[in-house]
Amino acid sequence: MSATSIERSPSTAPLPIASPRELLPYAIFAGLLLTILIYFVGAEEGAFSLFSGSYVHEFVHDGRHLLGFPCH
């Protein structure tokens, strides 16, 4: 029985880490999305409500409890 040799492909160079200036638009976009998400989960009810009825409230109801927002 002969032993088979395993050939390894040459490794690639590591990717450089992006500078903060390149990441800024993505960070702003992510922050805006998270702010909107927190609004709908935490404040979309009562005086600050953008939509009439309780559809948004009921959709994010369990998320409100998970994040600790008062609900009842």
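Within segment 28-42, can you find the residues that are at pLDDT 90 or above and more than 12 Å from the chain's Cα centre (by Cα)? Residue satisfying the conditions is Ile28 alone. Among the residues of segment 43-56, is there at least one that is modelled with pLDDT under 75, part of a helix (DSSP H, G or I) and surrounded by 12 or more Cβ atoms within 10 Å (Cβ to Cβ)? Yes, because at least one residue in segment 43-56 is modelled with pLDDT under 75, part of a helix (DSSP H, G or I) and surrounded by 12 or more Cβ atoms within 10 Å (Cβ to Cβ). Determine whether Ser2 is modelled with pLDDT of 70 or more and part of a loop (DSSP other than H, G, I, E, B). Here the answer is no, as Ser2 does not meet what is asked. Set side by side, the residues Pro20, Pro25 differ, and just one is modelled with pLDDT of 70 or more and over 16 Å from the mean Cα position of the chain (by Cα), which is Pro20.
Residues in segment 57-70 that are part of a loop (DSSP other than H, G, I, E, B) and surrounded by 12 or more Cβ atoms within 10 Å (Cβ to Cβ): Val60, Phe69.
The values are calculated or read from the model by the stated rules, or taken from the named source; none is laboratory data. No experiment lies behind these values; they were computed from the predicted model shown. Quick reminder, even Gly has a Cβ in these numbers, built from the backbone with ideal geometry, and neighbours come from all protein chains shown.
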